[in-house]
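A short worksheet on the structure shown next.
The values are calculated or read from the model by the stated rules, or taken from the named source; none is laboratory data. Quantities reported herein were computed from a predicted structural model and do not represent experimental measurements. All Cβ positions, glycine included, derive from the backbone under ideal geometry; neighbour counts span all protein chains shown. Remember, those area values only see protein heavy atoms, side chains included, never the ligands or the DNA or RNA. Shrake-Rupley method; radii C 1.70, N 1.55, O 1.52, S 1.80 Å.
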Amino acid sequence: MLILGIDTSCDDTCASVVEDGVRIISNIVSNQTEIHKKYGGIVPELASRRHIEMIWPVVDEAVKVAVIKPEDLSAIAVCHGPGLIGSLLVGCSFAKAICYSKNIPLVTVNHLEGHIFSCFLDERGPEFPFLSLIVSGGHTCLYRVDGFGRYRELGRTRDDAAGEAYDKVSKLLGLGYPGGTVIDKLAHNGNPDAIDFPRPYLPESFDFSFSGLKTAVKLEVEKLRRCEDRGFSTSQPLNFLTSYVCDIAASFQASVVDVLVRKTEWAVKKERIKRVALSGGVSANSELRKRMKEMGDAIGVEIFIPSVSLCTDNAAMIAAAGYHHFNTGNIAGLDLNPQAYLPL
Amino acid sequence: MRLLSKGPEETKDIGFRLGRFLKGGDVVALYGELGSGKTTMVKGIANALGIEEREIVSASFTMIVEYSTTPPLFHIDLYRIEKDAELDEIGLQNYIGGEGISVIEWAEKAGRELPEDAIWVELKSVSETMREIIIEGIDEKDWDNL
């Protein structure tokens, strides 16, 4: 059974064809350089969400690479929220149009639900129940998953998402975007114990909070800029090669990873679950992957981490979750409207 | 009008008072560096409109988050905007001055899109926890009467 997934909830235009909810036949994301080489134009910067321009080429490519005709599809699964409403509208309108013209059933998938199902794609997925930690630029939340459609939120961020903290810290350090990749690289050359940044554990709940940590890094960076006796003049921009910047990156990363791993471990013990799935852009982070696996080995918990391309936003995960919606008869009407705010 | 906040709870309280003031069509422009308490203030404002503070998180990634209160609340965060053209792409004009209340973080990026009668709020870090909050566009008498 082939499902075409479409996601235009944030920056990237994504389309993917997935078989039986697990086998990826094609997976196209608009930030891929191949798409741009083929259809012209430069790779859009972060802030240019040209969904209207990209939706046709991206879906077309997904269908071409899959070597299928629209008639081969059992359904189209589209992400209808949460996200930027103008962006969501592009994917939803496009999906509705194809479904209407080709008489294909339409299903809708919450973006977070897509992330939960990304662990079923690459390889053997976890059995139910499992814990799902979604960590990205826009989300940081922990769910207990007892089955398809049975999700209980255990906690979420009260302010900044972890990925957002990475991006903002990267900016504070005068580094590029995406912050996660840059900081991950620099951290390898830094000492994670150099600066004792706060670890906002919030032990009374499974919520997260990273804005205090971001502010602590900002104060540290300001100290650095003021400190003449470190040998920097205050007018000199932070040199990304200096070991101190690497130390800040490593120490910041250690704090974020400590909190994410420790809280997941607490949740495992409280919920008495032996399986944890990671997803979202930050789960591509090398230190988080390493420390999660170490935690899993130490306490006998299976950790499921998708490949890097499935951690970041993609439509394969939408198709994967969409498969289950279709199988349970959860078909959407063509009068569906996307929603910017859509709790799971 | 200058106010002093000794910590996040006081920033939220100030936001709450401001929120009680607001009606449909109002625009609140928030200015302040990273960590100055802009989102904390939005939590307070939202609370006054009946939204639990836990529901308000940073909007830096989504850029516009809509809450279906009466009137609707639009939590707008322009942190990721690099060019004026992007304001069109996210449809900022559809929100400002409409039926809802728009609260805009990193409002300096909205430039000329901000209406003249917008309420300006600037948050400045005085110390690690203290913030000076300057509010323009509200009569001090009205504020004290709340």
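Taking the chain by itself as reference, the range A:164-210 contains these residues with an accessible-area loss of 30 Å² or more in the full protein complex (1.4 Å probe, heavy atoms): A:Glu164, A:Lys168, A:Lys171.
In terms of overall dimensions, the range B:56-104 has a Cα radius of gyration and Dmax of 10.6, 32 angstrom.
With a 10 Å cut-off between alpha carbons and a GNM built on chain B, which of B:Asp13, B:Asp117, B:Asp77 moves the most? Maximum fluctuation in the GNM of chain B, among the listed residues, is at B:Asp117. Averaged per residue, chain A has 40 square angstrom of accessible surface, using a 1.4 angstrom probe with ligands and nucleic acids left out.
Ordering B:Trp143, A:Trp266 by accessible area with a probe of 1.4 Å, largest first, what comes out?
A:Trp266, B:Trp143
So which GluC sites (Glu not before Pro) in the range B:2-88 pass both tests, a DSSP loop state and at most 10 other Cβ atoms within 10 Å of the Cβ? When the GluC sites (Glu not before Pro) of the range B:2-88 are filtered for loop state and at most 10 Cβ neighbours within 10 Å, B:Glu52 remain.
When only the Cβ of Lys, Arg, Asp and Glu is charged (+1, +1, -1, -1), the dipole of chain B relative to its Cα centre reaches about 360 debye.
Given Cβ point charges of +1 (Lys, Arg) and -1 (Asp, Glu) and nothing else, what value in debye, to the nearest 20, does the dipole of the protein assembly as shown about its Cα centre take?
Charge dipole of the protein assembly as shown: 1060 debye, to the nearest 20.
Shown here for the range A:104-197: trypsin sites (Lys or Arg not before Pro) in loop regions (DSSP other than H, G, I, E, B) with at most 10 other Cβ atoms within 10 Å, namely A:Arg124. Sorted largest first by accessible area at a 1.4 angstrom probe radius, with every protein chain in place, the residues B:Val42, B:Val57 fall in the order B:Val57, B:Val42.
Taken as Cα centroids, the range B:32-108 and the range A:131-198 sit 22 Å apart, rounded to the nearest whole angstrom.
Of all DSSP bridge pairs formed entirely within chain B, close to 50 percent run antiparallel. Under the criterion of Cα pairs below 8 Å and six or more residues apart, the relative contact order for the range B:2-144 equals 33 percent. Please give the helix A:85-102 orientation as an angle from the longest Cα principal axis of chain A, in degrees from 0 to 90, rounded to the nearest 10. For helix A:85-102, the angle is close to 20 degrees. Charge tally for A:Asp72 (other residues, Cβ to Cβ under 11 Å; Lys, Arg +1; Asp, Glu -1): 0. Restricting the calculation to alpha carbons of the protein assembly as shown gives Rg and Dmax of 22.7, 71 angstrom. Using a probe radius of 1.4 angstrom, the carbon and sulfur fraction of the accessible surface of the protein assembly as shown is 50%.
Taking A:Val169, A:Val67, A:Val308 as the candidate residues, the one with maximal mean-square fluctuation in a Gaussian network model of chain A, Cα springs under 10 Å, is A:Val67.
Look at the dipole of the protein assembly as shown built from charges on Cβ: of B:Phe74, A:Ser243, B:Gly91, the Cα furthest out on the positive end belongs to A:Ser243.
Report for the protein assembly as shown the percent antiparallel among DSSP-assigned beta bridges with both residues inside it, nearest 5. Write out the running numbers ahead of the final one.
Working: 39 of 70 bridges.
Percentage antiparallel, nearest 5: 55.
A:Cys119 contributes an accessible area of around 10 Å² to the protein surface, as traced by a 1.4 Å probe with all chains present.
The residues of the range B:13-42 occluded by other protein chains by 50 Å² or more of accessible area, set against the chain on its own, are B:Leu34; surface from heavy atoms, 1.4 Å probe. Accessible-area loss of 30 Å² or more (1.4 Å probe, protein heavy atoms, chain alone versus all protein chains) is found in the range A:75-92 for A:Leu84, A:Ile85. Ligands, DNA and RNA aside, B:Arg131 has an accessible area near 20 Å² when probed at 1.4 Å. The figure for B:Thr129 is an accessible area of roughly 80 square angstrom, using a 1.4 Å probe on the protein chains alone. Positive-end ranking of A:Ala320, A:Phe120, A:Ile98 along the dipole of the protein assembly as shown, with charges on Cβ about the Cα centre, is headed by A:Phe120. Of the residues A:Asp11, A:Asp122, A:Asp160, which exhibits the maximal mean-square fluctuation in a Gaussian network model of chain A defined by a 10 Å Cα contact cut-off? Between A:Asp11, A:Asp122, A:Asp160, it is A:Asp122 that shows the largest mean-square fluctuation. Each chain gives up part of its surface: A and B jointly bury about 2600 Å² of accessible area, both sides summed, for a 1.4 Å probe. Taking amide H as placed 1.01 Å from N in the peptide plane, A:Ala75 has its amide H under 5 Å from the amide H of A:Leu4, each at least 5 places away in sequence or on another chain. Short-range pairs are left out: with C-alpha atoms under 8 Å and at least six residues apart, the relative contact order of chain A is 25 percent.
Protein heavy-atom accessible surface, 1.4 Å probe, per residue over the range B:1-77: 38 Å². From its DSSP helices (H runs of at least four residues, each -39,500 (n - 2.57)), the protein assembly as shown gives a residue-normalised ellipticity at 222 nm of -11500 deg cm²/dmol.
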